[in-house]
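Everything on this sheet refers to the single structure shown next.
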Amino acid sequence: MKTLLLKTLLCSLVFTGHGFSQTTTTSAENKKPNILFIAVDDLRPELNFYGANYIKSPNLDKLAGESLIFERAYCNVPVCGASRASLMTGARPTRKRFINAHTNKDKDYPEAMSLPMLLKQNGYITISNGKIYHSKNDDTEAWDEIWQANRLWGYALSESQDIRKNTKRGLPFEAAKVHDSVYRDGKLALKVIKDLNKLKQSNQPFFLTMGLAKPHLPFTAPKKYWDLYDRNKIELPKSYIQPKSSPKQAFHNFGELRQYENIPKRGDLPETLAKELIHLLRLCKLYRCSNRISFK
């Protein structure tokens, strides 16, 4: 899913790409900017620079300090595939197009000119790393290269992988004593760094993407980040009653979470489990905000 933060980080890139692509004969044509496009799955604006001072997000805080921050930006449609297709094409969702999590741009709106295709046609090297569209097989002609790490359902430990393989459900979280690069997003960070070092030697402008999978479920991150949060300080909501002013679609049974092992099928979660999930969610955010890419 795309949330407010993702929209704020990426909207400026979309508009930048659109603006310079319309120029044909000016001097700016010879100075096309390079673009690093970062997509983060299921990351809401619960970050330090958005006022959540209990969240550790050092690299994004640094980037935000040098950037324009949007505080009232919203998703066109709050489900993964549809939101990504809408963002990458600049086309709004309708009742017949871009409507669910598994939306495919090439099926729903094949004639749409996507951002990477527009840039590719204007001389850019375009590289898709990680989760940009919901499917890596979507809009393939727009990319010079498409890369994704081996999924293994996001788990590092063999026992966690076996549970997922045998039950088709998997654990909702994992914190293994492994290096950052063992998990999928760690591999992704290394790939993007490699691309940046290679592309800076090129005379062509580039559109390089980094599609981070976390903090989407399952909440998996290296154990070394565990102690950076104190679970005893995690506060749970005082009430789980739906506010009268909220839309019914915003309050549901959280079916995605309930597909995982050891999660009750219905009803409120036990307090200890709820805090454990929040703890691992915050670990995922810290892990993703502590990669080795410099924003300078």
Here the qualifying pairs (Cβ atoms under 9 Å; residues six or more apart or on different chains; first in region 36-55 and without any contact (Cβ under 8 Å) to a residue 24 or more places away in the chain and among the polar types (S, T, N, Q); second surrounded by 18 or more Cβ atoms within 10 Å (Cβ to Cβ) and in a helix (DSSP H, G or I)) come out as Asn48/Leu60; Asn48/Ala64
Within region 68-99, restricting to residues that are more than 16 Å from Ile132 (Cα to Cα) and of a type in the set (S, T, N, Q), the one that is nearest to the chain's Cα centre (by Cα) is Asn76
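Yes or no, residue by residue, for (1) farther than 25 Å from Met88 by Cβ; (2) among the basic types (Lys, Arg); (3) surrounded by 12 or more Cβ atoms within 10 Å (Cβ to Cβ):
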site	(1), (2), (3)
Lys198	no, yes, yes
Pro218	yes, no, yes
Asp227	yes, no, no
Pro237	yes, no, no
Lys248	yes, yes, no
Phe251	yes, no, yes
Lys265	yes, yes, no
Ala274	yes, no, yes
Condition set of a type in the set (Asp, Glu) and surrounded by fewer than 20 Cβ atoms within 10 Å (Cβ to Cβ), scope region 162-184, selection farthest from the chain's Cα centre (by Cα): answer is Asp162
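Taking into account only those residues within region 187-233 that are aliphatic (A, V, I, L, M) and assigned to a helix (DSSP H, G or I), which is nearest to Leu277 (Cα to Cα)? Spell out how you get there, then give the answer.
Step one: filter region 187-233 for residues aliphatic (A, V, I, L, M), giving 188-190, 192-193, 196, 199, 208, 210, 212-213, 217, 221, 228.
Those left that are additionally assigned to a helix (DSSP H, G or I): 188-190, 192-193, 196, 199, 228.
Values: Leu188: 24, Ala189: 24, Leu190: 27, Val192: 29, Ile193: 30, Leu196: 34, Leu199: 39, Leu228: 15 Å.
Restricting to residues being aliphatic (A, V, I, L, M) and assigned to a helix (DSSP H, G or I), the top hit is Leu228.
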* Would region 199-206 turn up any residue that is of a type in the set (D, E, K, R) and either in contact with a Cys (Cβ under 6 Å, 6 or more places away or on another chain) or in contact (Cβ under 8 Å) with a residue 60 or more places away in the chain (or both)? -> no
Filter region 185-196 for residues that are out of contact with any Leu (no Cβ under 8 Å at 6 or more places or on another chain), modelled with pLDDT of 95 or more and among the charged types (D, E, K, R); the one that is surrounded by the fewest Cβ atoms within 10 Å (Cβ to Cβ) is Lys194
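Answer yes or no: is there a residue in region 193-215 that is among the acidic types (Asp, Glu) and under 30 Å from Lys32 (Cα atoms).
From region 193-215, those among the acidic types (Asp, Glu) are 195; that's our starting set.
Then keep just the ones that are under 30 Å from Lys32 (Cα atoms); that gives 195.
Within region 193-215 (the criterion being among the acidic types (Asp, Glu) and under 30 Å from Lys32 (Cα atoms)), the answer is yes, since at least one residue qualifies.
Just one of Asn203, Asn262, Asn232 is within 27 Å of Thr167 (Cα to Cα) and modelled with pLDDT under 95; which is it? Walk me through it before giving the result.
Working: Asn203 fails: within 27 Å of Thr167 (Cα to Cα); Asn232 fails: within 27 Å of Thr167 (Cα to Cα).
Only one candidate qualifies: Asn262.
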When region 168-188 is checked residue by residue, the ones that are in contact (Cβ under 8 Å) with a residue 60 or more places away in the chain and of a type in the set (Gly, Ala, Ser) are Gly170, Ala175, Gly186
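The values are calculated or read from the model by the stated rules, or taken from the named source; none is laboratory data. As the structure is a prediction and not an experimental result, all values here were calculated from the model. Glycine also receives a Cβ, built like all others from the backbone with ideal geometry; neighbour counts cover every protein chain displayed.
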